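Step one of this worksheet: look at the structure below.
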Amino acid sequence: MKLSIIGHGAVGSHLATLFANAGHDVAVGVRETTDLSSTYQIITIGEAIAHSNLVILAIPYGAVEAFAQQFGASLEGKILVDATNPLQADYSPLLIGEGVSAAQIIAGLLPNTKIVKAFNTVFADVMAKDKLVRGSHVLTNFIASDHKDASARVAELSLSGGFGVIETGPLALAKHMEALTHLNIAIAFGTGAGTDAGFIYVQNKAA
Ligand SMILES: NC(=O)c1ccc[n+]([C@@H]2O[C@H](COP(=O)([O-])OP(=O)(O)OC[C@H]3O[C@@H](n4cnc5c(N)ncnc54)[C@H](OP(=O)(O)O)[C@@H]3O)[C@@H](O)[C@H]2O)c1
């Protein structure tokens, strides 16, 4: 699968490595193309968006509005996977409004793009093949979208990279996924247990 990742920080670099190693054609878009990688391309943001129809957004939430203004037209008709979390500088929750999520705000900024919330509840440190596996289970990537086809593609991609997957339902559920991240951060930093940790959702499907 061809895919694009915007941002080459902790999340962008881990996901790019994971998915390139899984055999995908990965292009990472950055503001300054000085980084090097042998397993995936690092190009400008505009070039990366043009590379595929599935774009993972891995930049700070505070940069999203300017990103949408600059690149919104080139994202029309594509899938944009929102991996962001609304956080303050000290990683505490950024209040963005009652009952609303970053993902829904992004959907409002990009009405002609299929927004999928995913990857935001997984620490970057564990977005690696050996870290996703925990005994007989794998860490869960929760997915939410109003577009079933887009959700299914992100689920397929996630499984190929070694994540467990739960397609939760509509994008309105992204607010709960963002709250899960706040809990994840509070446990990791509040207890000092660290970020080598994550959520595993176990489901017994009714016959
Ligand atoms: N770290 C985690 O464990 C984790 C897990 C899940 C989700 N997230 C979320 O994923 C997002 C990225 O997190 P991260 O930890 O990867 O952050 P990070 O390590 O700080 O990397 C951020 C990346 O975004 C780029 N960036 C910053 N401002 C930008 C702008 N205005 N336009 C375009 N690119 C910009 C940076 O590029 P420059 O080098 O040019 O500044 C850098 O490549 C955040 O929203 C975060 O909440 C983080």
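The values are calculated or read from the model by the stated rules, or taken from the named source; none is laboratory data. These numbers were taken from a predicted model, which means no experiment stands behind them. Virtual Cβ from ideal backbone geometry, glycine too; neighbours counted across all protein chains shown. Ligands, DNA and RNA are stripped out before the accessible areas are found, and what is left, the full protein with its side chains, is counted by its heavy atoms. Shrake-Rupley method; radii C 1.70, N 1.55, O 1.52, S 1.80 Å.
Things worth noting here:
- Residue that is least open to solvent (accessible area, probe 1.4 Å), among those in segment 76-119 that are in contact (Cβ under 8 Å) with a residue 24 or more places away in the chain and acidic (Asp, Glu): 82
- Among the helices (runs of 4 or more DSSP H) confined to segment 108-207, the ones with at least 3 residues that are more than 20 Å from residue 58 (Cβ to Cβ) are located at 148-161, 174-190.
- First in segment 147-165 and closer than 20 Å to residue 198 by Cα, second anywhere and outside any helix (DSSP H, G or I) and open to solvent by 70 Å² or more (accessible area, probe 1.4 Å), Cβ under 9 Å, 6 or more apart: 154/167; 155/167; 162/133; 164/137; 164/201
- The residues of segment 14-32 that are touching a helix residue (DSSP H, G or I) at 6+ places or on another chain (Cβ under 9 Å) and either among the basic types (Lys, Arg) or free of Cβ contacts under 8 Å to residues at least 40 places away in the same chain (or both), listed by number, are 25, 26, 27, 28, 29, 30, 31.
Residue-by-condition table, conditions (1) within 13 Å of the ligand (Cβ to nearest atom); (2) surrounded by 15 or more Cβ atoms within 10 Å (Cβ to Cβ):
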position: 3; (1), (2): no, yes
position: 9; (1), (2): yes, no
position: 25; (1), (2): no, no
position: 33; (1), (2): yes, yes
position: 40; (1), (2): no, yes
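- Annotation note: Cβ proximity below 6 Å between a residue of segment 132-146 that is in contact (Cβ under 8 Å) with a residue 24 or more places away in the chain and a residue that is in a strand (DSSP E or B) and of a type in the set (A, V, I, L, M) (sequence gap 6+ or interchain) occurs for 132/138; 140/166; 141/165; 142/166; 145/116.
- Subset of segment 42-55 [polar (S, T, N, Q) and within 15 Å of the ligand (Cβ to nearest atom)]: 44
- Scoring residue 199 on the criteria (1) over 16 Å from the mean Cα position of the chain (by Cα); (2) touching a residue at least 12 places away in the same chain (Cβ under 8 Å); (3) under 21 Å from residue 84 (Cα atoms) leaves a single failure, condition (1).
- Residue ID - nearest to residue 35 (Cα to Cα), chosen from residues in segment 45-73 that are part of a loop (DSSP other than H, G, I, E, B) and open to solvent by 30 Å² or more (accessible area, probe 1.4 Å): 59
- Qualifying positions in segment 152-207 - in contact with an Asp or Glu (Cβ under 8 Å, 6 or more places away or on another chain), among the hydrophobic types (A, V, I, L, M, F, W, C) and within 15 Å of the ligand (Cβ to nearest atom): 174
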